[in-house]
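S.K.: The structure under discussion is supplied below as structure tokens; questions concerning it will follow.
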4 protein chains.
Amino acid sequence: MTQHLGRFLDDLDRDIRASADWGKVADYIPELGGIDPAQFGIAVALADGQLLTAGQAGQPFSIQSVSKVFALACVLGRIGEQLWLRVGREPSGDRFDSILLLEQEKGRPRNPFINAGALVVTDELLTGRSPKQALSEVIGFLRTAAGDDDIHIDKAVAESEAAHGHRNAALAHYLRSFGNLRNPPDHVTGTYFHQCAIEMSCIQLARAGRVIAGLDCAPNLLSRVKQRRINALMMTCGQYDGSGNFAFRVGLPAKSGVGGGLLVIAPGRASIAIWSPGLDGWGNSQAGTLAAEKLAEFTGWSVFG
Amino acid sequence: MTQHLGRFLDDLDRDIRASADWGKVADYIPELGGIDPAQFGIAVALADGQLLTAGQAGQPFSIQSVSKVFALACVLGRIGEQLWLRVGREPSGDRFDSILLLEQEKGRPRNPFINAGALVVTDELLTGRSPKQALSEVIGFLRTAAGDDDIHIDKAVAESEAAHGHRNAALAHYLRSFGNLRNPPDHVTGTYFHQCAIEMSCIQLARAGRVIAGLDCAPNLLSRVKQRRINALMMTCGQYDGSGNFAFRVGLPAKSGVGGGLLVIAPGRASIAIWSPGLDGWGNSQAGTLAAEKLAEFTGWSVFG
Amino acid sequence: MTQHLGRFLDDLDRDIRASADWGKVADYIPELGGIDPAQFGIAVALADGQLLTAGQAGQPFSIQSVSKVFALACVLGRIGEQLWLRVGREPSGDRFDSILLLEQEKGRPRNPFINAGALVVTDELLTGRSPKQALSEVIGFLRTAAGDDDIHIDKAVAESEAAHGHRNAALAHYLRSFGNLRNPPDHVTGTYFHQCAIEMSCIQLARAGRVIAGLDCAPNLLSRVKQRRINALMMTCGQYDGSGNFAFRVGLPAKSGVGGGLLVIAPGRASIAIWSPGLDGWGNSQAGTLAAEKLAEFTGWSVFG
Amino acid sequence: MTQHLGRFLDDLDRDIRASADWGKVADYIPELGGIDPAQFGIAVALADGQLLTAGQAGQPFSIQSVSKVFALACVLGRIGEQLWLRVGREPSGDRFDSILLLEQEKGRPRNPFINAGALVVTDELLTGRSPKQALSEVIGFLRTAAGDDDIHIDKAVAESEAAHGHRNAALAHYLRSFGNLRNPPDHVTGTYFHQCAIEMSCIQLARAGRVIAGLDCAPNLLSRVKQRRINALMMTCGQYDGSGNFAFRVGLPAKSGVGGGLLVIAPGRASIAIWSPGLDGWGNSQAGTLAAEKLAEFTGWSVFG
């Protein structure tokens, strides 16, 4: 199997590169807008500890919203079920940065993976901690999970996010106006922008994802129940308003980021990190989604049988 | 395992009956409104052909929206991918009978399990067929899948739905106004009301669901790919605006009906039918959801590891 | 003044015809879609009984939604304030046939001039009357108000509306599902389609509008209070989601129809009927709105000083 | 007439005080929340320069959103029609602080009287000016219009608004994210909060409103066309989502504030300022609206005949 999978990944890398349709890179900050969309990398961490890679698997990229999975893991580890008093667990049926639903639901974000919900998670992270400590906690979790201390924040990206982050600032003030933010809005957005600016390679991300996949080889950072629940949220809400489509095509829980990163989980079997910076209309990696679909097809890892 | 599971189901039945909180039965038609909420049945069809039951597993009930799964299976078998030009595959983020989203999405329902989407599926069923023939196709599918010819439509329920079905009539006319209904609205709603009025017991439903679960013992009615996709849709959209919560709590694809029926799928492992007519705030069986959660916990069948 | 106004109307007719931008005719039914947009007529009924005209003032056209003003007048005369338990008095902030707001407001239309509200008014008209009697009442009101018995329904338009009226049928069923329609939906839509298909010329419409304007020369059909209130509704809701803009540009209460008709009221001073079948983006007569603006500028009839 | 009106105002004051239903004071800041709702004042400035008063007409109160009329007058005087590229002229069909519509309309507020639109007006005021200069312009306009230099900002209210103004901060950041705010969000909100904290009595406000009413006795600060247009906006959008109802009941352009102030305009005839701090469900003065209705009834000043 492993041999076949290795060959498949090489073929996949070649096929993806041969295909012309890369999508468009996120352009809301210059640091992301200047990236060449025609790039692709993949890393697959297996339950037995093996790591298979293809393409630019060692190339660091901005993980952006993929970080929301790990921030959520930290907060669930700390406060557990209480989080759900402040955030829902339902797909939003709308864009990742929608403020509309927040109004309809009186300041309780639909789920922790849309921006409004992620800001509440960050606000929880900041309880009793400085922004610096909160960020250390997330990065510490990632380093331990990946078994790799070389994971950092790209300061230029973080600063650029802050300079262009008026939509997120609006969400934070709006949450605060409903009493669903305890810390000052600019502390929360500042921390959030830095969390999103974490840089990782596919290799690092696939290794960190082993904790979410509950692989035997993973460090013990998350209870089985929490791991399952995070996967459930990734399945129903992980790709914004393209989540249903991703479940339909790929059949695996996943979380995307506007940097083109994609963490795909085959529970108990594998943690897969894919990167290709061109995005589709929902803001998810276009080539990355295609690669995930082909990998699921090849491996039969769909959770749906 | 089977022995333990049998004992667990008996305990579950006893525990559910001991618990006071049954929810409220659907009251939009007198035929459903008059049912006693304090009822419970469960049937589990396993891959090896065994069938375990507890409570009122033999009691027939109105399957209502659970029928949407089988109507979809029929249509996918007939026209395949073309359906997705007319219906989306995303959670709706709203009530099952919302007309709002239909307006925002210009007449293309978000998914085949909200009422608007199910009407489009019925409209496809009616292509080149009379309402009677279309209904025969769905019932024929159910009978073959369940290996049981004693599955029928409750005419009184169908007629009562028609008399009270102005919301669905509105949806049908609205779809037609966008050109997304080919047959006359009253043909479509008439067929749909009859499809929803199919009566089955948990035993029959669990046996029919084996096809959706892709069990080895199931008749060969659905390709592997189609089976996976239907499960994906059940996971992200099967419980209306409570789908995310159900995935979080139970971790299995499922479809609910306002008659209190619940079809839960453990892909490759089991098809589970639960019935308890009291509903929660989302319109899903309250005791049924709790039973599904406890069963998933006991068996470890969550698809999320 | 009268002499100057007569000359102004002739100049206006010439200027409008010289201008190229007529807008697009409504095309949802063939009877309206086939009309040449490059047509214009205007008639001004003054308080002293004089009638000034220019252009195609004698050409009959389908009054469509302008009829809503007179249906409302009939219903207010009959049941008075009770109507407001079933319909609101606020601008909708949305399209004339929006179903969205109806959902948000639980079946109570925002005002009597959007289609949903007009259907409720028609439903009231049908209380204790057959569709034929209800239509006779509206036409009788118009004939008396205009002092002209030659006002009729265009049957071909009414039938075409019915054949293409799925959006309105959806609204009617939706209202019924909320219990805000007493008569069968198809009776209400049938009556409504016939009411909208009334044919009148600018001359007839301007004369009928004298009652709404409260002109000294008008037959006594409406109390002062009701007349004021209808004008208030025309000002805030008469041009669908272009009402604010019309108030800003023209400063007079008015009601438009998709047939290109426009009834503009200068309370106590004049009743003005304009017709030009090309519509703007809001569904209001494009040249008609421009003509109303220029007339208000010339006469200084703006109610805003 | 004047004598009768004076007596009517005294009676009105007595009647209002005798009525028990004052509504609820705004409680989002302690400075407003602590005010006794059972207060009432009225001042009527007539075209001939007379000023009639009753009740607490000399009592200063926080004019809040009534200030939007005068800020708009300043901006229209300075940049004219260009403003409408950034703000619409349509009723919102929603709450005064809705962010929902802003999302639907891609950052262009529906009108200058909802908070989002007022922030854009303030942003225009700040073009080429410091916050202090911008505020001086508005206060200067008010002082000249009222012929009274004793009009000031209540600093405590302004600071309290700033401390509690997260909803407005969200709107400002949101506008900025769409590129529809040129100045830093906190400059704009800071200026806006001070503008809203202007303190005036009914006497001062009625005198300032003479400019909006186009009274012969008013200082010449606004062209006839601008005066008309501001009145049109007040008529269709001045009472938030209660504007249609106000037009229906009162028939005059008006602007309300959450401090309980109400400026009502009888174009060419009178400028009326009413104050009663208890609010109705739309956020408009409850006793104030009733008083306006009775005054319009007594005087026959309705613009609708």
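The values are calculated or read from the model by the stated rules, or taken from the named source; none is laboratory data. From a predicted model like this one, the values you see are computed outputs, not experimental measurements. For neighbour counting, all protein chains shown are included, and Cβ atoms are generated from backbone atoms with ideal geometry for every residue, glycine included.
S.K.: Note down all Cβ pairs under 6 Å where the first residue falls in segment C:31-44 and is under 24 Å from C:A208 (Cα atoms), the second is aromatic (F, W, Y), and they're at least six residues apart or on different chains.
M.R.: Cβ pairs passing all conditions: C:G41/C:W275.
S.K.: Moving on to the next point. Out of the residues in segment D:55-76 that are over 18 Å from D:Q239 (Cβ atoms) and either surrounded by fewer than 23 Cβ atoms within 10 Å (Cβ to Cβ) or assigned by TED's automatic domain parsing to the domain that holds D:V157 (or both), which is nearest to the chain's Cα centre (by Cα)? Don't jump to the end; show me each part of the working.
M.R.: Of the residues in segment D:55-76, the ones over 18 Å from D:Q239 (Cβ atoms) are D:55-60, D:73-76.
Now drop any that are not either surrounded by fewer than 23 Cβ atoms within 10 Å (Cβ to Cβ) or assigned by TED's automatic domain parsing to the domain that holds D:V157 (or both), which leaves D:56, D:58-60, D:73-76.
Details: D:Q56: 19, D:G58: 18, D:Q59: 17, D:P60: 15, D:A73: 12, D:C74: 14, D:V75: 15, D:L76: 16 Å.
So, considering only residues that are over 18 Å from D:Q239 (Cβ atoms) and either surrounded by fewer than 23 Cβ atoms within 10 Å (Cβ to Cβ) or assigned by TED's automatic domain parsing to the domain that holds D:V157 (or both), the one nearest to the chain's Cα centre (by Cα) is D:A73.
S.K.: Would you call D:P219 out of contact with any Asp or Glu (no Cβ under 7 Å at 6 or more places or on another chain), at pLDDT 95 or above, away from every other protein chain (no Cβ under 14 Å) and over 25 Å from D:W22 (Cβ atoms)?
M.R.: Working: out of contact with any Asp or Glu (no Cβ under 7 Å at 6 or more places or on another chain): yes; at pLDDT 95 or above: yes; away from every other protein chain (no Cβ under 14 Å): yes; over 25 Å from D:W22 (Cβ atoms): yes.
For D:P219, the condition - out of contact with any Asp or Glu (no Cβ under 7 Å at 6 or more places or on another chain), at pLDDT 95 or above, away from every other protein chain (no Cβ under 14 Å) and over 25 Å from D:W22 (Cβ atoms) - is met.
S.K.: Moving on. Look at B:Q64 and say whether it is closer than 19 Å to B:T189 by Cβ, modelled with pLDDT of 90 or more and more than 12 Å from every other protein chain (Cβ to nearest Cβ).
M.R.: Details: closer than 19 Å to B:T189 by Cβ: yes; modelled with pLDDT of 90 or more: yes; more than 12 Å from every other protein chain (Cβ to nearest Cβ): yes.
Yes.
S.K.: Also: Could you tell me whether any residue of segment C:215-237 is more than 20 Å from C:G260 (Cα to Cα), touching a residue at least 24 places away in the same chain (Cβ under 8 Å), within 17 Å of the chain's Cα centre (by Cα) and in the same structural domain as C:E81 (by TED's automatic domain parsing)?
M.R.: no
S.K.: On to the next question. Out of the residues in segment D:222-237 meeting the condition of being touching a helix residue (DSSP H, G or I) at 6+ places or on another chain (Cβ under 6 Å) and more than 10 Å from chain C (Cβ to nearest Cβ), tell me which one is farthest from D:L46 (Cα to Cα).
M.R.: D:K226
S.K.: On the basis of being among the hydrophobic types (A, V, I, L, M, F, W, C), surrounded by fewer than 24 Cβ atoms within 10 Å (Cβ to Cβ), closer than 24 Å to C:P30 by Cβ and in the same structural domain as C:G80 (by TED's automatic domain parsing), does C:I153 make the cut? Write out each step before concluding.
M.R.: Details: among the hydrophobic types (A, V, I, L, M, F, W, C): yes; surrounded by fewer than 24 Cβ atoms within 10 Å (Cβ to Cβ): yes; closer than 24 Å to C:P30 by Cβ: yes; in the same structural domain as C:G80 (by TED's automatic domain parsing): yes.
So C:I153 passes the test.
S.K.: Continuing with the same structure: Out of all the residues in segment A:263-278, which are closer than 18 Å to A:E199 by Cα and among the hydrophobic types (A, V, I, L, M, F, W, C)?
M.R.: Passing the criteria: A:L263, A:V264, A:I272, A:A273, A:I274, A:W275.
S.K.: Take C:G278 and tell me if it is in contact (Cβ under 8 Å) with a residue 60 or more places away in the chain, in contact with a Pro (Cβ under 7 Å, 6 or more places away or on another chain) and on the phi < 0 side of the Ramachandran plot. Steps first, please.
M.R.: On the way: in contact (Cβ under 8 Å) with a residue 60 or more places away in the chain: yes; in contact with a Pro (Cβ under 7 Å, 6 or more places away or on another chain): yes; on the phi < 0 side of the Ramachandran plot: yes.
Considered against the rule, which asks whether it is in contact (Cβ under 8 Å) with a residue 60 or more places away in the chain, in contact with a Pro (Cβ under 7 Å, 6 or more places away or on another chain) and on the phi < 0 side of the Ramachandran plot, C:G278 comes out as yes.
S.K.: Confirm whether C:G300 is modelled with pLDDT of 95 or more, more than 22 Å from C:S201 (Cβ to Cβ) and surrounded by fewer than 24 Cβ atoms within 10 Å (Cβ to Cβ). Write out each step before concluding.
M.R.: Working: modelled with pLDDT of 95 or more: yes; more than 22 Å from C:S201 (Cβ to Cβ): yes; surrounded by fewer than 24 Cβ atoms within 10 Å (Cβ to Cβ): yes.
So C:G300 passes the test.
S.K.: With the requirement that a residue be within 10 Å of A:S276 (Cβ to Cβ) and over 19 Å from the mean Cα position of the chain (by Cα), what does segment A:38-51 give you?
M.R.: A:A38, the sole residue that qualifies.
S.K.: Is there a residue in segment C:34-51 that is out of contact with any strand residue (DSSP E or B) (no Cβ under 9 Å at 6 or more places or on another chain) and closer than 25 Å to C:W301 by Cβ? Steps first, answer last, please.
M.R.: Of all residues in segment C:34-51, those out of contact with any strand residue (DSSP E or B) (no Cβ under 9 Å at 6 or more places or on another chain) come to C:34, C:36, C:38, C:48-49.
From what is left, the residues that are closer than 25 Å to C:W301 by Cβ are C:48-49.
Scanning segment C:34-51 turns up at least one residue that is out of contact with any strand residue (DSSP E or B) (no Cβ under 9 Å at 6 or more places or on another chain) and closer than 25 Å to C:W301 by Cβ.
S.K.: What's the number of the condition D:H166 fails, among (1) over 20 Å from the mean Cα position of the chain (by Cα); (2) touching a residue at least 12 places away in the same chain (Cβ under 8 Å); (3) buried (at least 18 other Cβ atoms within 10 Å of the Cβ)?
M.R.: Here D:H166 meets the rest and fails (2).
S.K.: Another question, then. Among the residues of segment A:169-193, which ones are in a helix (DSSP H, G or I), among the aliphatic types (A, V, I, L, M) and touching a residue at least 40 places away in the same chain (Cβ under 8 Å)?
M.R.: Of segment A:169-193, the ones in a helix (DSSP H, G or I) are A:169-177, A:185-193.
With the extra rule that they be among the aliphatic types (A, V, I, L, M), the set shrinks to A:169-172, A:175, A:188.
Those that are in a helix (DSSP H, G or I), among the aliphatic types (A, V, I, L, M) and touching a residue at least 40 places away in the same chain (Cβ under 8 Å): A:A170, A:L171, A:A172, A:L175, A:V188.
S.K.: A further question follows. Test A:A134 against the stated conditions and say whether it is under 29 Å from D:F178 (Cα atoms), modelled with pLDDT of 95 or more and in a helix (DSSP H, G or I).
M.R.: No; evaluated as a whole, the condition is false for this residue.
S.K.: Considering only residues that are buried (at least 24 other Cβ atoms within 10 Å of the Cβ) and within 7 Å of another protein chain (Cβ to nearest Cβ), look in segment C:238-247 and name the one that is nearest to the chain's Cα centre (by Cα).
M.R.: C:S243
S.K.: Exactly one condition in (1) surrounded by fewer than 24 Cβ atoms within 10 Å (Cβ to Cβ); (2) of a type outside the set (K, R); (3) under 16 Å from the mean Cα position of the chain (by Cα) is false for C:E159; which is it?
M.R.: (3)
S.K.: Another question, then. Can you find even one residue in segment A:3-20 that is among the acidic types (D, E) and part of a loop (DSSP other than H, G, I, E, B)?
M.R.: As a first pass, look at segment A:3-20 and keep what is among the acidic types (D, E): A:10-11, A:13, A:15.
If we keep only those that are part of a loop (DSSP other than H, G, I, E, B) as well, we get none.
Scanning segment A:3-20, I find no residue that is among the acidic types (D, E) and part of a loop (DSSP other than H, G, I, E, B), so the answer is no.
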